[in-house]
Amino acid sequence: MTMNTIQPHPAPRLLPPSPTGRGARGEGRFGQATVRLPSPQPSPGGSGSRKGRPHRRRSRPGFTLMETMIAIAVFLIGLVAVASLFPVSLTLQRYALNDVSTHAVASTAPAMIRSRGVTVQQLEGWVAGVPTVQRIDNTLVEQLWSLGDRTYPGTTPQNRRTVYWYPLFQRKAPPPTSATNWVAYVLIFQREHNDPEGWMGDPVQSINVNANYEGDGEIRIRLPGAGSVRTGEVFLDSSGGARRAVFAPGSDTDMIVAGDADTANRINEIWIGRRSATGQPTLRRIVPVADFAR
């Protein structure tokens, strides 16, 4: 008689816990038991193969053609705005340099006139005995003050100097006269680089005019034709008045200046600067010089 024996069920064997409590493939320790997570199954295409997986491309946001064109247009507008500042700055710089040059000449030219020691006898021979502004012969001017003395800046070559001056003289009272009755007027001119160099030797242009006293301290100076003097242009009249052209309303030939009847009687001529190559006025400043005669 055989007897069936019952074999005891073997006790399950536990895996030792990992040192960190978590295995390389996701094992986790719960109490003393360790659970092994199932390994991912390889795809049918083989180990490491990407076949059989859905491939999804992630789109990146970009600019449309219209947005790009708008950005380029805004950039070009800003570039043109910045570039337009350069010509303006160069023009302002040139004006500033010219103004500095004329100020320098206004300081040095009177000193040159006083240093020559012109006598009253010489002035009597050069200028007629009437109390009006007159010019002397250009040859005499060259003998007293050479072209190099009358141009600025002196450190540059002669053909590149842009500021020059010319003297006119006035007897303020009829004879007999003394040295204190003489006044010299320094007319300061601005030459453009494209103007001929010969203008610096004789830059003054005279215009014959008619003057009438209008009353209320106003004198009407009538020019021979329109366009000979421009609004705002500096000029010197034969009475010794350094003025700026202001035309009467509705007229382009009649200028209105301040003065009395005696002054109007002495105005028969005015002096302006020769026009530049571009047609612009060249006379910039008029400086009276007293106490220069001996």
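The values are calculated or read from the model by the stated rules, or taken from the named source; none is laboratory data. These numbers come from a predicted model, not from an experiment. Cβ coordinates were reconstructed from backbone atoms using ideal geometry, including for glycine residues, and neighbour counts include every protein chain displayed.
Among the residues of the range 134-145, those that are surrounded by 11 or more Cβ atoms within 10 Å (Cβ to Cβ), of a type outside the set (Val, Ile, Thr) and assigned to a loop (DSSP other than H, G, I, E, B) comprise Arg135, Trp145.
Listed here are the residues, each with its yes/no results for (1) modelled with pLDDT of 80 or more; (2) under 21 Å from Thr132 (Cβ atoms); (3) of a type outside the set (Ser, Thr, Tyr).
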{"site": "Gln158", "(1), (2), (3)": "no, no, yes"}
{"site": "Arg161", "(1), (2), (3)": "yes, no, yes"}
{"site": "Pro174", "(1), (2), (3)": "no, yes, yes"}
{"site": "Leu187", "(1), (2), (3)": "yes, yes, yes"}
{"site": "Pro203", "(1), (2), (3)": "yes, yes, yes"}
{"site": "Asn210", "(1), (2), (3)": "yes, yes, yes"}
{"site": "Tyr213", "(1), (2), (3)": "yes, yes, no"}
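Count of the range 234-253 residues, restricted to those that are in a loop (DSSP other than H, G, I, E, B) and surrounded by 18 or more Cβ atoms within 10 Å (Cβ to Cβ), is 5. Ile70 meets each of the listed conditions (1) in a loop (DSSP other than H, G, I, E, B); (2) surrounded by 11 or more Cβ atoms within 10 Å (Cβ to Cβ); (3) at pLDDT 70 or above apart from (1). Which residues, taken from the range 162-198, are surrounded by 14 or more Cβ atoms within 10 Å (Cβ to Cβ) and among the hydroxyl-bearing types (Ser, Thr, Tyr)? Of everything in the range 162-198, those that are surrounded by 14 or more Cβ atoms within 10 Å (Cβ to Cβ) and among the hydroxyl-bearing types (Ser, Thr, Tyr) turn out to be Thr162, Tyr164, Tyr166, Thr177, Tyr185.
Considering the conditions (1) farther than 25 Å from Ser101 by Cβ; (2) surrounded by 17 or more Cβ atoms within 10 Å (Cβ to Cβ); (3) under 30 Å from the mean Cα position of the chain (by Cα), Leu223 is excluded by exactly one of them, (3).
For the residues Ser228, Ser276, Ser238, the requirement of being modelled with pLDDT under 90, of a type in the set (S, T, N, Q), within 24 Å of Gln190 (Cα to Cα) and over 26 Å from the mean Cα position of the chain (by Cα) singles out Ser228.
Table: residues versus (1) among the aliphatic types (A, V, I, L, M); (2) touching a strand residue (DSSP E or B) at 6+ places or on another chain (Cβ under 8 Å); (3) over 22 Å from Ile270 (Cβ atoms).
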position	(1), (2), (3)
Arg150	no, yes, no
Pro153	no, yes, yes
Gln158	no, yes, yes
Leu168	yes, yes, no
Trp182	no, yes, no
Val186	yes, yes, no
Glu192	no, no, yes
Gln205	no, yes, no
Gly215	no, no, no
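Can you find even one residue in the range 254-263 that is outside any strand (DSSP E or B) and surrounded by 14 or more Cβ atoms within 10 Å (Cβ to Cβ)? Checked against the condition, which is being outside any strand (DSSP E or B) and surrounded by 14 or more Cβ atoms within 10 Å (Cβ to Cβ), the range 254-263 yields at least one hit. Of the residues making up the range 275-290, those that are touching a helix residue (DSSP H, G or I) at 6+ places or on another chain (Cβ under 7 Å) and of a type in the set (D, E, K, R) number 2.
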